[in-house]
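Everything on this sheet refers to the single structure shown next.
The values are calculated or read from the model by the stated rules, or taken from the named source; none is laboratory data. All of these numbers come straight from a predicted model, not from anything done at the bench. Cβ sites come from the backbone with ideal geometry, for glycine too, and all protein chains shown count toward neighbours. The accessibility values were calculated without ligands, DNA or RNA, using every heavy atom of the protein model including side chains. Shrake-Rupley method; radii C 1.70, N 1.55, O 1.52, S 1.80 Å.
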Amino acid sequence: MSPLADAPLSAPRTLDVVVVGAGVSGLYSVFRAKKRGWSVRAFEAGQSVGGAWYWNRYPGCRVDIEGFEFSYSFSDELQQHWTWSERYPGQPEVERYLNHVCERFDLRPHISFGTRIEAVHFDEADRTWVVRTDRGESVRARTVILCTGIYSVANRPHFEGLDQFEGRKLYSSNWPKEPVDFAGQRVGLIGTGASGVQLTPILAQQAQHLSVFQRTAVYTVPLRNRPADEQRTREIKADYTVTREAQRQSPTGFTHLHSHPAPPVTQSALALSDEERRRVYEDRWNSGGLCFYYTFTDLLTDPDANRTLEEFFKEKIRARVSNPRIAELLTPRAEPVLTKRLAGDTGYCETMERPNVELVDLKAEPIRHFTPKGLVVGDREVPLDTIVFATGFDFGTGAFSRMDIRGRGGRRLADDWTQGVRTFLGMMTHGYPNLFWVAGPSCPFYNPMLNAQYQVAQVERFLDGREDPDGLVEPTEKAVAEWTSLHNSIADATLFMKGDNYFVGANVKGKNREIPMFLGGFPMYSEHCDAAARDRSCFVTKEHERESAAAEGRAG
Ligand SMILES: Cc1cc2nc3c(=O)[nH]c(=O)nc-3n(C[C@H](O)[C@H](O)[C@H](O)COP(=O)(O)OP(=O)(O)OC[C@H]3O[C@@H](n4cnc5c(N)ncnc54)[C@H](O)[C@@H]3O)c2cc1C
């Protein structure tokens, strides 16, 4: 048991590090702080570890990156010990894995569960952070690492009359721990993003009747999940470095192990003849999963390249669904392919043709309001016993905007970001010294396991590089401006900005239209991190600090 485990939260002692969140990123942050001999405490709103894999326990929830890739690489003993039972592990198995990591490295004693952080304020006089919990307790820390997730705050749109609905209400992002029985029930599902796509076939099998209320169609690809192949497991474990190296070369940190080892992606979709390109797409389709993100260099930047995949997907929908009306409804209309997150499916399209399933087109029959017995769409009432919401997330910035984060001089992050997210390397910003975040706003579009390891290593590197070990790490205003401009110019050059997807905040009323995610690829991202560590002119020096204190004094 750590000596800190039973220390009162309001202990006068200043901790080296406070971590917020105990998902993939928070666990690794605690692991490293502990390894470094730093005093650390993590706070987690949930009752246990896992983050997204703790909260989203709805039936059908599973990763759509292969288990071998969706796992930490920092410990070969861990890699060798853990064996995934399926190609794409389900939520219970991912949750078990993260619990295993927590026990194996003895992290639990450092985490306070069921505790939400409400405020994070910089105390300029003391040069420490004061972190306040929802229990009214406070701790001080020299460094704070926010690991609060980019998919951790549910988007819950307002529905008229919902409070009068007498049936059961379920949320995919906060699913009950005990099994839910749908037998004999008339179930409605609102939301057809990745979670809705996973839920649909299972609800259809279990319920008497399922109504899927669709506002926007989504491209789905067959996941082709299956029990893990023992031979392949042996091969990967025999030399895991091959898999990890292929991931490292990939812009997104996953290759989908489509072939092992996966060759790097170097070609434009337009460089091939129609026939050759089709062979590549068919091959990917038959392999299963999200490997389309790892196919050609320009699918997300060149509309003509993107259209080649769009045509292929549209053809596949028509081939999978015999009813032309349903096929038409399942075909996305406006979004460039891949800009709305591709969803890995297990019989989603086919399920829509089951006799006990109705796909309701909300464009033709908009939702009006709930009644005590069901949901009125268009001019009819759909009777329901249970309504399931899979309405997505306040992506990227949701968790930050729900905390009161204040930096130097009491400035508020919420005010500093009214015109948009402004960061340096998607992990810190000017005015908030020694406040870092991992997998938070403007983090790289990258495998979350590897991202946690990489970004935490950068936090250590920047802290270790200080001239004075008690000094603070804070990017200059100029460094933030330059990084933000690079970040946004890359985002603007992609097709993401052409669509109305959750990446650009289109699902949340009143949100800035921006992509809080770095899309330049991991190799470019790591070059910038290396440059920052080498040339520390991007960080505020003691000299800067004195000058700005003097300027503030003059202004005051
Ligand atoms: C349904 C679903 C499926 C997904 N599937 C995939 C997939 O297939 N592949 C993939 O790469 N990624 C997937 N993701 C993304 C997922 O977010 C990552 O896989 C990964 O779990 C992120 O880990 P994290 O630690 O950064 O954040 P999270 O797992 O979101 O953890 C953040 C934690 O911080 C806590 N927290 C937030 N604010 C506070 C606060 N103020 N005080 C205290 N605690 C707080 C939350 O309770 C949460 O437990 C999926 C996400 C969801 C929701």
(request) Over region 432-483, calculate the relative contact order: mean separation of alpha carbon pairs under 8 Å at least 6 apart, over the residue count, as a percent. (result) 41
(request) Mind putting a number on the dipole of the chain about its Cα centre? Charges go on the C-beta only, +1 for Lys and Arg and -1 for Asp and Glu, and I need it in Debye to the nearest 20. (result) 700
(message) Using a Debye calculation, one point per C-alpha and no hydration shell, please list log10 I(q)/I(0) for region 241-390 at q = 0.17, 0.19, 0.21 Å⁻¹ in order.
(response) -1.04, -1.20, -1.37
(message) What are the ³J(HN,Hα) couplings of region 72-81, residue after residue, when phi is run through the Karplus curve with 6.51, -1.76, 1.60 and θ = phi - 60°? Round to Hz, x for glycine and proline.
(response) 5, 10, 6, 10, 5, 4, 5, 4, 6, 6
(request) Using the Karplus curve 6.51 cos²θ - 1.76 cosθ + 1.60 with θ = phi - 60°, work out ³J(HN,Hα) for each residue of region 498-504 in order, rounded to whole Hz, and write x for Gly and Pro. (result) 7, x, 10, 10, 5, 4, 9
(request) Indicate the gyration tensor shape class of the chain (rounded, prolate or oblate), computed on the Cα atoms with a ≥ b ≥ c the square roots of the eigenvalues: a/c under 1.5 is rounded; otherwise a/b larger than b/c is prolate and the rest oblate. (result) prolate
(message) Could you tell me the center-to-center distance, by alpha carbons, between region 347-388 and region 53-89 in angstrom?
(response) 34
(message) What is the percent carbon and sulfur in the accessible area of region 250-370, measuring with a 1.4 Å probe over the protein chains and ignoring ligands?
(response) 51
(message) Before I look further, what does region 31-131 give for accessible area per residue, probe 1.4 Å, in whole square angstrom?
(response) 35
(message) How tilted is helix 303-320 with respect to the longest principal axis of the chain? Cα atoms for both, answer in degrees (0 to 90, nearest 10).
(response) 40
(request) Return the calculated 222 nm mean residue ellipticity for the chain, to the nearest 500 deg cm²/dmol, obtained by summing -39500 (n - 2.57) across DSSP H runs with n ≥ 4 and dividing by the residue count. (result) -9500 deg cm²/dmol
(request) Compute the relative contact order of region 1-127 as a whole-number percentage, counting only Cα pairs closer than 8 Å that sit 6 or more residues apart in sequence. (result) 32
(message) Kirkwood hydrodynamic radius, computed over distinct alpha-carbon pairs, for region 134-194: how many Å, to one decimal?
(response) 16.1
(message) As a quick test, which of the pairs 169/314; 169/509; 237/314 have an alpha carbon distance above 32 angstrom in this structure?
(response) 169/314; 237/314
(message) Just to confirm a number: summing +1 for Lys and Arg and -1 for Asp and Glu over residues other than residue 34 whose beta-carbon lies under 13 angstrom from that of residue 34, what do you get?
(response) +3
(request) Excluding residues fewer than 8 places away in the same chain, name every one of the aspartates and glutamates whose C-alpha is closer than 12 Å to that of residue 373. (result) 163, 166, 381, 385
(message) Please compute the contact order of the chain in relative form: average sequence separation of alpha-carbon pairs under 8 Å and at least six residues apart, divided by the residue count, as a percent.
(response) 19
(request) Of the DSSP beta bridges with both residues in the chain, give the percent that are antiparallel, rounding to the nearest 5. (result) 35
(request) Round to the nearest 10 and give me the degree value, 0 to 90, for the angle of helix 542-555's Cα axis relative to the longest principal axis of the chain. (result) 90
(message) Given the options 508, 493, 523, identify the residue whose Cα lies farthest towards the positive end of the charge dipole of region 455-542 (+1 on Cβ of Lys, Arg; -1 on Cβ of Asp, Glu).
(response) 508
(request) Show the residues, 5+ positions off or on another chain, whose built amide H is closer than 5 Å to the amide H of residue 66. (result) 256
(message) Please enumerate, by chain and number, the aspartates and glutamates with C-alpha under 13 Å from the C-alpha of residue 511, excluding those fewer than 8 residues away in the same chain.
(response) 394, 500
(request) Specify whether the C-alpha gyration tensor of region 157-307 places it in the rounded, prolate or oblate class, a ≥ b ≥ c being the square roots of the eigenvalues: rounded for a/c under 1.5, otherwise prolate if a/b is larger than b/c and oblate if not. (result) prolate
(request) Taking H placed 1.01 Å from N in the peptide plane, check which residues at least 5 places from residue 404 or on another chain put their amide H under 5 Å from its amide H. (result) 119, 120
(message) Just to confirm the filter: which GluC sites (Glu not before Pro) across region 161-260 are DSSP coil and have at most 13 other Cβ within 10 angstrom of their Cβ?
(response) 166
(message) Please list, in order along region 430-436, the HN-Hα scalar couplings obtained from phi with the Karplus expression 6.51 cos²θ - 1.76 cosθ + 1.60 (θ = phi - 60°), rounded to whole Hz, x for Gly and Pro.
(response) 5, x, 10, x, 6, 9, 10
(message) I'd like the orientation of helix 448-464 relative to the chain: the angle between its Cα long axis and the longest Cα principal axis, in ° from 0 to 90, rounded to 10.
(response) 10
